[in-house]
Structures are given as structure tokens and as C-alpha cells.
Amino acid sequence: MDIQFLGTGAGQPSKSRNTQAIVLKMLDERNENWLFDCGEATQHQILNTTIKPRKITKIFITHLHGDHIFGLPGFLSSRSFQSSDEQTDLELYGPVGIKDFVMTSLKLSGSRLAYRIHFHELNQAGKIFEDESFEVYADLLDHTIFCLGYRVVEKNRVGELDAEALRAAGLPFGPLFGKIKKGETVEFEGKIFDPRDYIGADKAGKIVTILGDTRKTSAAVRLAWQADLLVHEATYEARESKMARAHGHSTSKQAADVAQEAGVKRLLLTHISARYVGALVGQLAKEAQAIHPNTFVARDLHEEKIN
């Protein structure tokens, strides 16, 4: 999995930061991408990346403030214009009201989609998605309106097949290797090949937590528990904690406190106020790194592998 930030600003776009949008790239795991929030100009930012809109199969909206949803009608319409590509349905998760916003925007603009949107409006915490390889959980944060955070859990993957050991034991390379990889016992020329002898231990899946706007809250710690990566807003620096609380936001120090309490491996800060540019961005990073050293302030189009 990789993560790429299309917008990292707070409230409104600035010269250096667009409004919120994050893509979780899962091409190797499931040949698709998931989009978290869709601020204004998300589709323009996508043009500066290798992301294909048709590969975005799920969208998770944290809350209904404009800087997190104003890009949705444009993105959804443009995704439909890719007539040369196979059209695939899209799953849209978010707070109650997201369906009205999308459908009203499409209706009033006369927009017609070549695919179906399956809406999942959420009003409580819990598991919201599961298949054979992933689970997604949502929990309520502490903002000025109903707001969600999401926890993406990759299930453990089957260990590596020891092909050299199989060859050495007398099994020729071919379809039988695939059966053993699937956990099936194989017999060849009178010899039994038990998959437990040739497959390594399961590989632990990755955990990624992406939060919407929030004050410091225990729900954030629950969502981020032992995560490989936490994306947390850091709208203000530590000395502006009163302002942060008044507006339903967090400081960089508070984000780092959450990461430290949850035992997170890596913390990426986003939703940065436009007042922080140049060296002031470094100040946000330093405040957080003093508590959680493995912290980075994300910038627009920043991309990194989730290790």
C-alpha cells in the first residue's frame, strides 16, 4: 500500500495547499484505490499524479464541511467521462446527508453518470466493510459537526512459498506449486508434500488510520491503536490550543500525543492552517517530533509507501 496526499490545507485552498483529499493506493493488494475526502479541485490534483479515477472504487467522507466535499460532484462526473475504460460502480461512505448532497448536485447540474453509486450513510461507530482481505472501521470524533475517523485493517497474508525447498524435495515447478500455496496437500510420485512444511509464517497485514477534523479524543486513540500509519490533522501549533479547541481542531502536539498513546509507527500531519508556511511548518513538525519522533508534515502530492 501507498498513500498520496492531494490536498493538505485547512478550510480553504492556499497557494501551497489544496483542501483535503487523500488516496490510499492498493493496486498490488486489490487493483484499486480508495479516496478519503474530496475537497475542491481534487480532480485537478489527480491530473498531477498517476492515479486513474476509474481505479477509485471507494470514497470515505469524514464530514460534511465544504473543504472535505466540494470536489465530489466534479470528480464523480469526470469519472463518468472515461468512456474508453470499463465503468465500475462506486461505494460511497459518509455521514447522513452525503447522499442528498451528491444527488442534488448531480440533478441540478444535469449530470448523468455511467455507473452506479452505492451510498452507505453512517450514524454510529463500528465495522463498515469487510471482505477476504480488508476490514474498515469507523468511529465518531470530536468536531463542531458529526465527523468520522476510519481504520483500514489488512488481514494477515499467507507466508512466502519456499520454492527452492520444494524443488530440492523433488517437486517440479508448475501448477502443483500453486496448490501448495493455497494450502492444499499434494502427492507426487508417491511422495506427500504438506504445505505446512513449505510455507512461511503469515505476514501481518498493515493498519492505516485516517482521521477527519477533531479535537484530541479517545476515539482517535482507539482508531489508531498499533497502526502502521496515522494521518491526523494538525491545524494549529501548540500555543494555539485554546483556538484549536474552540474550532474543533487539534494542535501538532495533540496529534503526536494520540500517536504516542496508540503506539503508532508513523504519523503524518495534514489539514494545516494557511498561516503556517516556510519555517513555521518546520515548527509544527518539531513540536510533534519531540513527542513522536517518526512524524512528518504532509504536503500536497506527497506520496510514500506504507511499511
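Please treat every number below as a calculation from the coordinates, not as lab data. On a predicted model such as this, the values are computed, not experimentally measured, just so you know. Cβ placement follows ideal geometry from the backbone for every residue including glycine, while neighbour counts extend to all protein chains displayed.
Run the helix sum for the chain: -39,500 (n - 2.57) per DSSP H stretch of 4+ residues, divided by residue count, reported at 222 nm to the nearest 500 deg cm²/dmol.
When only DSSP H runs of four or more count, the value is -7000 deg cm²/dmol.
Calculate, for residue 301 and residue 28, the FRET efficiency according to 1/(1 + (r/R0)^6) with r their C-beta to C-beta distance and R0 22 Å; round to the nearest 0.05.
The formula returns an efficiency of 0.60 here.
Along Cα→Cβ, 7 Å out, is where each label goes; now give me the distance between the ones at residue 163 and residue 121 in nm to one decimal.
Roughly 5.2 nm, to one decimal.
Could you give the angle, 0 to 90 degrees to the nearest 10, between helix 98-108's Cα long axis and the longest principal axis of the Cα atoms of the chain?
Result, in degrees: 70.
Take 54, 167, 151 and order them by how many other Cβ atoms sit within 10 Å, fewest up front.
So the ranking, lowest neighbour count to highest, is 167, 54, 151.
Rounding to the nearest 10 and keeping the result within 0 to 90°, find how far the Cα-based axis of helix 252-262 lies from the longest principal axis of the chain.
Computed tilt is about 30 degrees.
Restricting the calculation to Cα positions, tell me the Rg (one decimal) and the Dmax (whole number) of segment 246-307 in Å.
11.6, 36
Could you work out the equivalent-ellipsoid semi-axes for segment 11-169, taking the square root of 5 times each eigenvalue of the Cα gyration tensor, largest first, in whole Å?
31, 20, 16
Using only the alpha-carbon atoms of segment 123-214 as identical scatterers, what base-10 log of I(q)/I(0) does the Debye formula give at q = 0.22 Å⁻¹?
So the normalised log intensities work out to -1.00.
Order these by the 10 Å Cβ neighbour count, fewest first: 22, 46.
If I rank by nearby Cβ atoms, fewest first, I get 46, 22.
Please report the antiparallel percentage of DSSP beta bridges with both residues in the chain, rounded to the nearest 5.
If we restrict to bridges inside the chain, about 60 percent are antiparallel.
In what order do 81, 177, 36 fall by count of nearby beta-carbon atoms within 10 Å, going from fewest to most?
Ranked by crowding around the Cβ, least crowded first: 81, 177, 36.
Helix 279-289 versus the longest principal axis of the chain: what is the Cα-based angle in degrees, 0 to 90, to the nearest 10?
Value to nearest ten degrees: 50.
In debye, nearest 20, what is the charge dipole magnitude of the chain about its Cα centre with +1 on Lys and Arg Cβ and -1 on Asp and Glu Cβ, if you could check?
760 debye
Counting only GluC sites (Glu not before Pro) that sit in a DSSP loop (anything but H, G, I, E, B) with at most 16 other Cβ atoms within 10 Å, what is the longest stretch of the chain containing none of them?
Formally, the longest exposed-site-free interval is 190-307.
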